[in-house]
Each structure stands twice: as C-alpha cells, then as structure tokens.
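K.L.:
Could you have a look at this structure, given as structure tokens, before my questions?
The values are calculated or read from the model by the stated rules, or taken from the named source; none is laboratory data. As the structure is a prediction and not an experimental result, all values here were calculated from the model. All Cβ positions, even for glycine, are placed from backbone atoms using ideal geometry, and neighbour counts span all protein chains on display.
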Amino acid sequence: MRIKLFEFNMLPVNTYVVWDEQTMDAAIIDAGCYFPHECDTLKQFIANEGLTVKYLLNTHLHFDHIFGNGFMYEQYGLKTCAHRADEDWLMDAPRRTRMFGLDFPGEPVAIGTYLEEGDELTLGTQVLKCIHVTGHSPGSLVFYSADASCLFAGDVLFQGSIGRTDLPGGDHQTLLNGIHEKLLTLPDETIVYPGHGESTTIGYERQHNYYLK
C-alpha cells in the first residue's frame, strides 16, 4: 500500500490518497480540498500516478472534512462512504461553514454507502477495516490496515492529543473508552495518520499522550 498526504489549507485538513501498487485501485480519505487549485492538485496527482479511484471515504462528516466531496462526485462520480450517524452534520454543513465566514462549495452530496463497525473495503490486495469510535462525532470511523500496519484516525486521535468533544454529539469519556478499547489494543508499531497535524504511532501515544493516562 502507498499513501500520499495532502494538507489543504482553508482549515488545515489532512487528505490522504491510498492505493494498491498492483492494481492501482485507490481511495481518497477526507477530501478537504476547498479552493479550485487544491482540487486541481488532487486531480493531477491521481492522473499522474495512473490511479483508479474506487472509494471516497470520510472518517466523519464535519464540514472541514467534506469540502471536496462535491468535486469528487463531479469528477469521478463518487459519493462518500461514511457512517449514518453523522448524516445530520452533512446536511447542516453549509450553515456551519457560514459560522466561520465561509461559503460551503456547492451543495452537500448525500452519503452513497453507509459503513458500520467491522466493514471491510478492498483495494486490490489491500483491505481497510472500519472501526467505529464515537465521542468526537457520533459517526466517527477509523480505517485500519493490518497489512500496512497503519490507521487513518480522522479527529479521534492526534499526536499528543485527542479529538474535541464539545461539539453536538460529542462525549469525552465515550471517546476515551473507544480509543482505549479499540485503538490502543493494536500493535505499538501501528502508524496513526490523523485528520490534522503530524503522524504518530500507537506505541508513542500509549506512552506519551497525556489524555490517555
């Protein structure tokens, strides 16, 4: 599995392109591209690498993580795969974006495929398993690859921190329980690719993350 990170800068969000090197089947995780030049950058990378985008995945549906979903639908005919519990956030995205003095790009695109705990998404020989970790948002998903020893954590777990829990549907203790029960049980060497900021590992966070003590 190969992974490419784009940090789009309207509200800095990590967008990941993940693909299988044998089939070149790819998934885009959290399309945060807002400006046209950001969309063009993502489109050009996909074309240059010769990728076939099979999935658009969302770790959750807070507005900063879905700015590029309309572009992905227009360009590749893909609707997001996400958890049903975040659907209200999707429909409310334009209003919440305006609270930051911004215009949401276009109209929110409905969820195309509902994902649940334990669902598996196949990219050639690679498998991404869905882990449902609530507390940041009701529908927060983590995508885990055992073969590549990595996970895409969205806003559940960060380097030295955890996701905020003061938004509607958030709960601090629920988030902590989910991280302890579902993520810290993974091998120490598992790389954590978060929705914002730098990557880390499960082992490092177990040892050093103040919130997980």
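K.L.:
Specify the residue that is nearest to VAL17 (Cα to Cα); the eligible residues are those in the stretch 126-138 that are hydrophobic (A, V, I, L, M, F, W, C) and crowded, with 18+ Cβ neighbours inside 10 Å. Please lay out each step first, then the result.
P.N.:
Filtering the stretch 126-138 for residues hydrophobic (A, V, I, L, M, F, W, C) gives 127-128, 130-131, 133.
Restricting the remaining residues to those that are crowded, with 18+ Cβ neighbours inside 10 Å gives 128, 130-131, 133.
On the way: LEU128: 13, CYS130: 17, ILE131: 19, VAL133: 22 Å.
Among those that are hydrophobic (A, V, I, L, M, F, W, C) and crowded, with 18+ Cβ neighbours inside 10 Å, it is LEU128.
K.L.:
Which of the residues that make up the stretch 84-125 are modelled with pLDDT of 95 or more, among the β-branched types (Val, Ile, Thr) and surrounded by 18 or more Cβ atoms within 10 Å (Cβ to Cβ)?
P.N.:
If the condition is that a residue be modelled with pLDDT of 95 or more, among the β-branched types (Val, Ile, Thr) and surrounded by 18 or more Cβ atoms within 10 Å (Cβ to Cβ), then VAL109, ILE111 are the ones that fit.
K.L.:
Identify the single condition in (1) over 30 Å from TYR211 (Cβ atoms); (2) within 15 Å of the chain's Cα centre (by Cα) that CYS130 does not satisfy, given that it satisfies every other one.
P.N.:
If we test CYS130 against (1) over 30 Å from TYR211 (Cβ atoms); (2) within 15 Å of the chain's Cα centre (by Cα), just (1) comes out false.
K.L.:
For the stretch 28-69, what are the residues that are aromatic (Phe, Trp, Tyr) and crowded, with 19+ Cβ neighbours inside 10 Å? Break it down into steps so the answer makes sense when it comes.
P.N.:
Initial filter on the stretch 28-69 (aromatic (Phe, Trp, Tyr)): 34-35, 45, 55, 63, 67.
Correct list: TYR34, TYR55, PHE63, PHE67.
K.L.:
Test GLU181 against the criterion of being buried (at least 16 other Cβ atoms within 10 Å of the Cβ) and farther than 21 Å from ASP25 by Cβ, and give yes or no. Even if it seems obvious, please write down each step before you answer.
P.N.:
Working: buried (at least 16 other Cβ atoms within 10 Å of the Cβ): no; farther than 21 Å from ASP25 by Cβ: yes.
Answer is no for this residue.
K.L.:
Looking at (1) within 19 Å of the chain's Cα centre (by Cα); (2) surrounded by 14 or more Cβ atoms within 10 Å (Cβ to Cβ), which is the only condition GLU198 fails?
P.N.:
(2)
K.L.:
Now for a separate question. Filter the stretch 10-43 down to residues that are over 16 Å from the mean Cα position of the chain (by Cα) and not in a helix (DSSP H, G or I) and give me whichever is farthest from TYR55 (Cα to Cα).
P.N.:
Step one: of the stretch 10-43, the residues over 16 Å from the mean Cα position of the chain (by Cα) are 10, 20-25, 35-41, 43.
Right, trim to not in a helix (DSSP H, G or I) and you get 10, 20-25, 35.
Working: MET10: 23, ASP20: 12, GLU21: 16, GLN22: 17, THR23: 14, MET24: 12, ASP25: 9, PHE35: 22 Å.
Checking each candidate, the answer is MET10.
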